[in-house]
Every structure is written in C-alpha cells, then in structure tokens.
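Heads up: the structure comes next, in structure tokens.
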Amino acid sequence: MESKPKLGYLGLGLMGSQMTRRLIQNGYQVTGFDPDSNKMKEAVANGVIAAASPAEVARTSDIVQACVINTTALTEAIFGPDGIVEGGGADKILLDHSTTIADKTRELAARLKEKTGMRWVDAPVSGGPPAAGTGKLAIMVGGNDYDVSQIQPVLDALGHNTYMGPLGSGQVTKMVNQVLVLNTFTLLAEAMTLAKNAGIDPVKVPEALKGGYADSPMFQRFFPGMVDRDFQPAGYARQALKDLDMVVDLAKQTNTPTPMSSQSTALYRVLIAKGHSELDATAILKIYDDQAL
C-alpha cells in the first residue's frame, strides 16, 4: 500500500483546527504551526504534531497547507523569518486554502518557485468549520494539472473539489462565492428587520418560505441563528469586509459592475466601525439595531 504524504498545516484557527482534525481522522500525519499558543495547544490535543515555525513545517512535510487570515499573513508565513522558503524544495507543494488576492497568489507562487522550486496550488474553501470537520467543504482549485493530481487525495478527504483552471483560478472562483454568500447575509438581515417592523414573527419565516423561490440551504441554516442573535463566529465580520474589498478590487480590474457588493461592503464597514469585527459575519443584522422595533 502506498504511504500517505506527510502534511504540514499553517493557521490553526476556526477552519484550520477542523481541517487538520479531518485529515488526521483520514490517516494523515499533520505537523502544524500557529503563532497563537492557545490554538497550538488545542491542535496538539487533536493530534497535530507541533512545529516551532513555518520553516520547520515545510522541512518535515511533503504538502504544506495554509489557511491564514489574509494575503499579508500568507506572505509573512512564506517569506518572513523562519518562513516556508527556508524549508521548501522542488519535491514539495504548497496547498493554499486562504482567501487571498489572485494576482498576488501568482506573484508569490512564482517567487517561491524561483527560490526553492516548490510548487503551488490555490484551493480556497467554503462551508465553514462544520463542513471542514466533516469533509463537506466546497473547494475551488487552481494550478498546474500535474500538481493538482499530486494533492487530489488530500482534497478528496476535505470535500467536494472542482478544478477551475490555472493558478489563481481558485481565488477568482472564491470571489464569486463571496459575492453570493456575503450579499445574502445582508439580504437576510434586511428581510428579518422588515418582518419584525411590519409585525411578523421572524421565527415563522423559514417554515413559511420553505420550498418556495426564496428558500435555500443558506436561508434555512443562517436565518434562525440571526433570529436568536447568535453571532458566535464561524467566520469573522472583519473577514467578510476583507473579502468584499477584494471583490470590489477585482471588479474594478475586470470592469465588472458590482452595485450589490459595493453596498454590502459599505454596510460591513459600518458594522466594523461600531466595534463588531470579532462577531460572525451574520452580525450584519446589528446595523439595524436602531431601526428594529
């Protein structure tokens, strides 16, 4: 039986903790690093082998996965002190699950390959921590055909994955995903506030609309939590704003009108300004607190 590749993982937060748990359950050895010592302790308790730096993760792994907060953090993890670049090699692949700027992904990949020969596949994900822990993520994949084939079993363990094209295609597809997801959150908040202010019990709305054109898995999953004002983060509001800013930037580059996303970006900026950056993205409902009865 062919042995499984040794995996490394950078970023052991909401998503990384669940993805590594899933990979370990599927028989992979995972070495991980996170600058947050509490996240490291939790990961080790779940079976992750602790590393002292991204460089150590790279040296001990065949495939290095990353799921970090933004492009700046990813750049630091690769090229900063004790970064991946110090442990990379032509026999290794960086599998990036972060949501980052597509052009920057291509730039960083070229730089890493020039310095170490290490290859890169971009594979951002959608579905949140519950899907990450059960292997039901939606994964959008970009990269060289051969490189993607080398990491295919890892992708299969994590969820439904679709090859979208050359390097950077996964990140562009994730922007399409975020247009749909984050605009939906703002629409759910608007719909709930209208229901309350017009005298309708929002608790009954998901049942009333079930099976109709307004129904969807997102509606059924998130609307009840918004009714209960449960904003325990599965993804932070600050991440939503970061992603919407990226959507707007990509729209400018491609001459694409995005009036809905531009409005949602403004609403999330208000939410963050009010001090709610660490709440879930569904906390966009809180911008209506002064209007709701």
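Yes or no, residue by residue, for (1) assigned to a helix (DSSP H, G or I); (2) surrounded by 13 or more Cβ atoms within 10 Å (Cβ to Cβ); (3) of a type outside the set (D, E, K, R):
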site: Gly212; (1), (2), (3): no, no, yes
site: Phe231; (1), (2), (3): no, yes, yes
site: Met246; (1), (2), (3): yes, yes, yes
site: Leu250; (1), (2), (3): yes, yes, yes
site: Ala283; (1), (2), (3): yes, yes, yes
site: Ile287; (1), (2), (3): yes, yes, yes
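Restricting segment 91-112 to residues that are closer than 23 Å to Pro153 by Cα and charged (D, E, K, R) leaves a set whose member that is surrounded by the most Cβ atoms within 10 Å (Cβ to Cβ) is Asp96. Every condition in (1) more than 23 Å from the chain's Cα centre (by Cα); (2) over 30 Å from Gln18 (Cβ atoms); (3) surrounded by 12 or more Cβ atoms within 10 Å (Cβ to Cβ) holds for Pro257 except the one numbered (3).
Quick check on segment 258-276. Is at least one of its residues among the aliphatic types (A, V, I, L, M) and part of a loop (DSSP other than H, G, I, E, B)? Within segment 258-276 (the criterion being among the aliphatic types (A, V, I, L, M) and part of a loop (DSSP other than H, G, I, E, B)), the answer is no, since none of the residues qualifies. Only one entry in Glu107, Glu190 is of a type outside the set (Lys, Arg) and over 24 Å from Ser261 (Cα atoms), namely Glu107. Consider His276 against the criteria (1) modelled with pLDDT of 95 or more; (2) closer than 24 Å to His97 by Cβ; (3) buried (at least 16 other Cβ atoms within 10 Å of the Cβ): it satisfies all of them except one. Which criterion is unmet? Of the numbered conditions (1) modelled with pLDDT of 95 or more; (2) closer than 24 Å to His97 by Cβ; (3) buried (at least 16 other Cβ atoms within 10 Å of the Cβ), the odd one out for His276 is (2). Screening the candidates Ala195, Ala191 for the property of being out of contact with any Pro (no Cβ under 7 Å at 6 or more places or on another chain) and modelled with pLDDT of 95 or more yields one hit, Ala191.
In segment 112-145, which residues are out of contact with any strand residue (DSSP E or B) (no Cβ under 6 Å at 6 or more places or on another chain) and among the basic types (Lys, Arg)? Answer for segment 112-145, where residues must be out of contact with any strand residue (DSSP E or B) (no Cβ under 6 Å at 6 or more places or on another chain) and among the basic types (Lys, Arg): Lys113, Lys115.
The values are calculated or read from the model by the stated rules, or taken from the named source; none is laboratory data. Values in this document were obtained by computation on a predicted structure and should not be read as measured data. No Cβ is skipped: glycine too gets one built from the backbone with ideal geometry, and neighbour counts run over all protein chains shown.
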